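What follows is a set of notes on a single structure, which appears directly below.
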Amino acid sequence: MTVPPPVQQRAVDLNIQLVCPDCKVIPPNISEEFSSGDLVCADCGLVLGDRIVDTRSEWRTFANDEGDDPSRVGSAANPLLNGPQLDTVISQRDGGSGAARELNRTHGRVTAVKGERNLLQAYKDISAMCEAIGLPKLIADIAKQLFKRVEDEKLLKGKPNESIIAACIFIACRQEGVPRTFKEICTLTQVPKKEIGRCFKTLNEAFHETKVQTMTSEDLMARFCSNLDLPMDVQKTAVDLTKKAKELNTLAGKSPVSIAAACIYMGSNLFQQNRSTRDISVVCGVSEVTIKNAYKHLYKERSKLVDEKLTAKQLESLPSP
């Protein structure tokens, strides 16, 4: 007697994007008209689909008591989880006897989908880490989607979840234009820099269709200047110094963080907003020696780097290295 092969459940592919064939606008502006059951492009009015199913909760109740929950169809399906997600949950409230709590716990262990507990824990860790360093919810959602794809495609098999989470947060920040340095992610996740680098390299090659932007000094300037309580004039000057230094190859071979720190140090001294190398070192995560070495190169080329609008007195206020 032959055993029939197990039926594989269809997983939701989060990377499929529906685009209007006429407008071809990305991101697409598609509206769901639940009243007529159509999927319509909000820009040109082209009907992309019909007979769509309304997945929202049905807010009608047929109970005699008004205190009952009128939602009869349950919550919306979560694409970040596997399985049909139509499980029944036993309430824990039973008057304090504790029997319902034990039943709830036992029922949860029996009906749990394989691997769902690890996913839920990973999503919880991603949300907590992103909230700890003030990242928006959009970054956390993108990191969760990346983690789900890594788990489905087995891209980092054998790697600990902490390393995968760190790499996903790092890539999500790069994709949305709010990059964080390796050192910041290391401090947040307690994962070694080399391990994050290996995971990032593997995922960057696998996610070839996603745009992972290269981090530049200009991307870090606004956040560093804000943490140092520097005015907008200093920030603009530091950005100009960075661009001119790249054109003249003054700081060739230096990391973006080192360039940003040295330009902030020079810009703050030009506007008498003196910040010590120690203060900048704490905020930027670069050693004082690195800042001073980079500042030496900037000081030698100060006449070419500094804007002509600045006076000679401001140039003389620069401390010698």
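Quick look at the numbers
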| item | result |
| --- | --- |
| Accessible area expressed per residue, the stretch 236-321, with surrounding protein chains retained (probe 1.4 Å, Å²) | 54 Å² |
| Once the Cα gyration tensor of the stretch 127-218 is diagonalised, semi-axes √(5λ) in Å | 18, 15, 14 |
| Cα-based radius of gyration of the stretch 186-295 once divided by 2.2 N^0.38 Å, which approximates compact folds | 1.18 |
| Amide proton proximity set for I30, modelled H, under 5 Å, gap of 5+ | A42 |
| Semi-axis lengths (Å, descending) of the ellipsoid that matches the C-alpha gyration tensor of the stretch 254-321 | 20, 13, 10 |
| Percentage relative contact order, the stretch 111-205, counting C-alpha pairs under 8 Å, at least six apart | 26 percent |
| Under 14 Å, Cβ to Cβ, from E288 - net charge with Lys/Arg +1 and Asp/Glu -1 | +3 |
| Cross-link pairs K24/K246; K148/K246; K183/K236; K194/K296; K159/K254 - those with Cα-Cα distance over 27 Å | K24/K246; K148/K246; K194/K296; K159/K254 |
| The stretch 103-180: proportion of alpha-carbon pairs further apart than 16 angstrom, % | 51 percent |
| Percent carbon-and-sulfur accessible area, the stretch 225-293, ignoring ligands, DNA and RNA, probe 1.4 Å | 45 percent |
| Reference-scaled alpha-carbon Rg (2.2 N^0.38 Å with N residues) for the stretch 176-228 | 1.28 |
| Stretch gain in nm, segment D43-L103, where the contour uses 0.36 nm per residue and the Cα spacing is subtracted | 16.4 nm |
| Two-site FRET efficiency, L318 against K154, from Cβ-Cβ distance with R₀ of 45 Å, rounded to 0.05 | 0.25 |
| Accessible-area value, M215, 1.4 Å probe, nucleic acids and ligands omitted, Å² | 30 Å² |
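The values are calculated or read from the model by the stated rules, or taken from the named source; none is laboratory data. What you are looking at is a predicted structure, and each value in this text was computed from that prediction instead of being measured. Cβ atoms come from the backbone with ideal geometry, glycine included; neighbour counts cover every protein chain shown. Surface areas here come from the heavy atoms of the whole protein model, side chains and all, with no ligands, DNA or RNA. Shrake-Rupley method; radii C 1.70, N 1.55, O 1.52, S 1.80 Å.
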